[in-house]
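Heads up: the structure comes next, in structure tokens.
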Amino acid sequence: MLISGRNNCGKSSIFRVIRSIIGNYNDDFFILRGSQNEIEWATDITFWKNQKSEDITLNLELSCDSNDDSALSQFISRMSKRDLQGNFKFSVTVKIKSDNRVLRSIKLDDETELDEYATQEVIRWIREKEFVIFHDSTRYASARLFYRQKSDFFSPTSTDMERLEELNSKYSSVMKKILKSKKDLIEETLGRLGEKYTVELNYPTMNFESMPFDITLSEQKGGDARLDDWGSGTRNRTLILSSILRARQSSRDINHDSRFRPLVLIEEPESFLHPSAQADFGRAIEDMANDFGIQIIVSSHSPFMLSRNAPEANILLERTMRRHLPYETVVCDTSGENWMSPFANALGLTPSELEPWAAVLQAGGAKVLIVEGALDEKYIRKFCEKNRGILDEAISIRPIGGKDKLSDSSMINFIHKFVERVVFMLDLDAIKIEEKFKALGLVKNNDYVFAGKDAPGLRRIEGLLPEEIQAATYAKYPDLVNQMQSDQSEEKKSALSKMKEKIFEEFSDFIDGGGDAPELRKLLHLTNKCFERAKSHK
């Protein structure tokens with residue numbers, strides 16, 4: 001799930017609410033506040049209600065699976081004295097009174113409410129298990145290292161602990177023998193001073209509650225460097241991955257009594273990353289959430305972080321304005337035809353301005369071929385229908401409604417980075433646009449190709465058809481040919497559009513009859529090769 005919206009729309013507040021309800025008390029959130037009373041009525045009540053004594057009410061609904069969240073499921077079953085199997089939901093409600101009293105309650109999906117003791121125990125269990133893993137890209141390293149003086153990337157599983165405790169037992173035995181000899185030696189030495197001293201020596205214990213690994217990264221054929229020596233973007237990205245891996249580890253624990261799926265919260269993962277790296281990282285986070293079976297909630301301003309495969313997971317927040325002042329936050333409707341709203345908001349566009357690119361954003365696949373118009377798509381599909389294998393079937397073909405859309409450099413740049421692999425097919429009559437493509441770092445015959453021949457009337461995809469197709473079509477429709485010579489621009493435009501459709505019909509019959517189009521075949525072969533190459537980055 002990705003939460004988007006303008007600054008001060010409430011994205012961070014959602015994370016704060018989640019952490020305040022079920023966050024670990026060792027979380028920096030509580031350490032920085034110096035209190036476990038995470039929400040205070042006097043400071044946290046919304047300003048338009050601060051003269052009233054209304055409660056602050058926080059509610060969080062959680063889904064649980066008795067297999068994937070077996071540890072949590074078993075604990076709630078014991079506390080509720082019910083056998084919870086399969087999927088079930090439970091909600092945690094926190095009320096903060098005006099006198100700062102905090103009331104907590106838990107209700108199961110069948111409306112069963114846990115008693116006060118059971119509620120406290122379930123919340124305590126969740127908090128102690130690090131049920132919420134939080135990463136704030138803007139201050140993660142400084143706050144975490146300042147308070148913990150380490151980077152504990154992984155916690156050991158129950159199986160790991162058994163192996164480590166065995167090692168710890170051997171370590172303790174060896175250390176006790178070493179310390180005894182050192183103790184005797186020090187006491188004897190101090191005795192030379194004429195006074196008796198009793199010496200006690202303690203050896204450092206091996207704490208396995210966390211794993212403070214020192215990460216070193218190296219580029220292929222490059223030198224090694226500790227993580228702290230890499231750039232901010234690489235450090236932040238690696239720490240985020242470590243948080244996700246910690247969540248995966250808990251969800252894959254082979255011990256049924258220890259397995260649960262943490263909730264991973266990531267604030268602005270795009271921080272310090274180039275747009276190209278943001279797009280790759282956004283895809284990686286979404287893929288890991290699906291592959292690992294864990295829920296990751298991201299807050300971001302970057303359009304590259306928005307979900308490609310599940311637009312319903314993109315949440316857009318907006319502040320209500322009254323008398324030019326911001327009031328409550330509302331969740332915008334992003335269902336159905338409104339799915340583009342988060343993209344438009346992040347890109348600074350209106351949904352109507354983004355509409356031509358909707359089909360591209362919805363493509364879903366890793367490979368997208370963008371063509372100018374619907375007729376270009378029809379030519380390619382018809383030829384591929386009779387020539388299987390000439391174009392990878394995994395390639396999604398998407399028309400954008402005209403070459404003028406390709407002159408928008410900002411959208412071309414966004415689409416080039418957002419889609420995992422995209423190739424643009426331009427008609428030769430749009431060659432002036434090539435300068436913009438080059439300025440964006442796109443490379444001809446790698447990121448874009450041209451359709452047509454450099455001759456009058458042939459600078460589009462129809463120019464790649466055998467000459468007899470156009471000749472036969474013109475012979476069938478002389479009236480349209482005459483209309484194409486009209487001095488009335490609308491008549492001429494209409495006739496040209498109709499003639500293009502007639503040419504396609506002739507081409508379709510020609511291909512069905514066993515005909516071939518060698519020039520079109522060459523173009524599609526080149527296009528397929530482009531998808532096999534890596535896309536260019538600037």
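Please treat every number below as a calculation from the coordinates, not as lab data. Computed from a predicted structure; not experimentally measured. Cβ sites come from the backbone with ideal geometry, for glycine too, and all protein chains shown count toward neighbours.
Under a point spin-label approximation (7 Å from Cα along Cα-to-Cβ), what is the ALA42-TRP125 distance to one decimal in nm?
For the pair ALA42/TRP125, the computed spacing is 3.7 nm.
Quick one: compute the contact order of region 456-538, relative version, from alpha carbon pairs under 8 angstrom and 6+ residues apart, as a percent.
32
In whole angstrom, how long is each semi-axis of the equivalent ellipsoid of region 466-512, when you take the square root of 5 times every eigenvalue of its Cα gyration tensor and sort them from largest down?
Equivalent ellipsoid semi-axes, largest first: 22, 10, 7 Å.
Please give, to one decimal in nm, the separation of the simple spin-label points placed at MET1 and ASN290, each 7 Å out from Cα toward the Cβ.
1.9
Treat each spin label as a single point 7 Å out from the Cα along the C-beta direction, and report the ASN387 to MET161 distance in nm.
Result for the modelled spin labels: 6.4 nm.
Calculate, in nm to one decimal, what LYS493 and GLN85 gain on full extension: separation in residues at 0.36 nm each, minus their alpha carbon distance.
Taking 0.36 nm per residue and subtracting the Cα distance, the gain is 140.2 nm.
What is the dipole size for region 466-512, taken about its Cα centre, with +1 at each Lys and Arg Cβ and -1 at each Asp and Glu Cβ, in debye to the nearest 20?
With Lys and Arg at +1 and Asp and Glu at -1, about 180 debye.
Determine which lysines satisfy two conditions relative to LYS476: a Cα distance under 17 Å, and not lying fewer than 8 residues away in the same chain.
LYS498, LYS500, LYS502
So if each residue of separation counts as 0.36 nm, and I subtract the Cα-Cα distance between SER335 and LYS444, what length gain in nm does that give?
In short, 35.4 nm is gained.
Can you tell me which of 424-436, 508-520 comes out highest on packing, and rank the rest after it, using the mean Cβ neighbours within 10 Å?
424-436, 508-520
What whole-number distance in Å separates the alpha-carbon centres of region 232-275 and region 468-538?
Cα centroid to Cα centroid, the span is 51 Å.
Restrict the search to region 100-129; then list the GluC sites (Glu not before Pro) that DSSP places in a loop and that have at most 10 other Cβ atoms within 10 Å of their Cβ.
For GluC sites (Glu not before Pro) across region 100-129 that sit outside H, G, I, E and B with at most 10 neighbouring Cβ atoms in 10 Å, the list reads GLU111.
What's the FRET efficiency of GLU353 with ALA475 using the Cβ-Cβ distance as r and R₀ = 35 Å, to the nearest 0.05?
Taking R0 as 35 Å, the efficiency between GLU353 and ALA475 is 0.20.
Hey, got the dipole for region 296-386? About the Cα centre, +1 on K and R Cβ, -1 on D and E Cβ, debye to the nearest 20?
Dipole magnitude for region 296-386 comes out near 160 debye.
What ranking do ARG521, ARG459 get, fewest neighbouring Cβ atoms within 10 angstrom at the top?
Placing the least packed residue first, the sequence is ARG521, ARG459.
Let's test the formula: R0 of 56 Å, r as the Cβ-Cβ distance of THR234 and ASN482. What FRET efficiency results, to the nearest 0.05?
Rounded to the nearest 0.05, the efficiency is 0.30.
Output the pairs from LYS432/LYS522; LYS52/LYS89; LYS382/LYS453 with a Cα-Cα distance over 28 Å in this structure; if there are none, say none.
Violating the 28 Å limit, Cα to Cα: LYS52/LYS89.
Rounded to the nearest 0.05, what FRET efficiency do SER251 and TYR327 have when you use their Cβ-Cβ distance and R0 = 41 Å?
Once the sixth-power term is evaluated, E becomes 0.55.
Against the 2.2 N^0.38 Å scaling, with N counting residues, where does region 390-463 land? I'd like the Cα-based Rg ratio to two decimal places.
Expressed relative to 2.2 N^0.38 Å, the Cα Rg reads 1.11.
Students often forget the sequence filter, so: which lysines lie under 27 Å Cα-Cα from LYS177 once same-chain residues fewer than 8 apart are removed?
Within the straight-line cut-off, LYS177 pairs with LYS196.
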